[in-house]
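Visitor: Take a look at this one; I'll ask things after.
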């Protein structure tokens, strides 16, 4: 098997880092100054309240495949339409945090940088654009096992120095056909799943575009990777290795994804379909078969509010490199409302996600357990209170199943359901359109999760 498959499931790294008391945000799609350079627009032209939350203009820019230009010089001729320079951006984050576990023991940490990512993106033709994200990661997966082994990745947070790796890459071709943006794309992501191919809402349907980290149902049950203080990270931290050396914990984090997709977007709706498999590799992937992802969203306006209501459907099965075949079974529902109250920008985000249990013959990529369905719901409310300062409150509730299995036979010996909640309060202040100062307090409850995290961070993009 190709050595690149040792990176399989490396999207589990960020959630695991919470367990070590390090709250990171390595791959989050914040405002990308590369696009500001291309369009000659400030970051706030595309983002409401604060990045990365998209407003209607930002959704339009993304739906058109990052092709919109501005005053920047272009190279045009013979079918060529390129910016005069390759637009790039560097996004870094500094953080100070304190955690307290259920015993009352506290731990403090500082990150400088807590994360650092290099972005390239923008127009590469009249109707095509791209986005590439290269995180500098402070941890590596070592001794990763083949996809067909059903064994957990051996994770060591101090396995090596920071290195640059491909986080995500997508290419879009979009053409206006009688008022509908019809598009094709190809993508790969280490953490965002097939939703990385095309997503316009900020509910967390795609984990890298969520208003506030942790406040969405999809990430709470591991349907995609999210960094920082999340329920999925807390669930993983509450588990201990089985005392019986012949047993292991069987679970999965469903972040890696590679696929091809087609989209259609009108003024009040969009639909997206992708054929995909659950892995990322910088190489030819041998013998893949594809699962199916369908996204449908209605985006009406009502009384001055921009609304969005949608669903995600994961179906079929996939396999690659001669490994095991996995079912892809899950569905979600989400809602968002963005508008003004007393002239202050306000957002409401509601999500629900469910992944049925594995049937025993074939593992469900979104729920390895045979014990029961993983399910979660989340609500987030954010409101601007003075210019550039917004406050938020969120609540997430999830049930996550984990099996203990025999190492030799993979027979399930027992199944346990972990029930947890996350209540979070936060504030964000825009020092400038590309500089955000944030505070977050997260309280976990249930399933022996009683713990808190308090964090102060500064994110800068240039």
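Every read-out reported here was derived from the displayed coordinates using simple, explicitly stated rules and does not represent laboratory data. Here the structure is a predicted model, which means the values were calculated and not measured. We place every Cβ from the backbone using ideal geometry, glycine too, and count neighbours over all the protein chains shown.
Visitor: For the pair residue 391 and residue 302, how long in nm is the line joining their label points, each one 7 Å along Cα→Cβ?
Guide: 2.7 nm
Visitor: Continuing with the same structure: Could you put 455, 133 in order, starting from the residue whose Cβ has the fewest other Cβ atoms within 10 Å?
Guide: 455, 133
Visitor: Arrange the following residues from fewest to most other Cβ atoms within 10 Å of their Cβ: 102, 108, 404.
Guide: Taking fewest neighbouring Cβ atoms as first place, the list is 108, 102, 404.
Visitor: Take the Cβ-Cβ distance between residue 78 and residue 271 as r, set R0 to 41 Å, and report the resulting FRET efficiency rounded to the nearest 0.05.
Guide: Result of the calculation: an efficiency of 0.75.
Visitor: Please find the FRET efficiency linking residue 294 to residue 414, where r is the Cβ-Cβ separation and R0 is fixed at 35 Å, and quote it to the nearest 0.05.
Guide: Efficiency, from the Cβ-Cβ distance: 0.50.
Visitor: Using a Förster radius of 25 Å, what is the FRET efficiency between residue 311 and residue 184 based on their Cβ-Cβ separation? Nearest 0.05, please.
Guide: The formula returns an efficiency of 0.70 here.
Visitor: I need 171, 401 ordered by Cβ neighbour count within 10 Å, fewest first.
Guide: 171, 401
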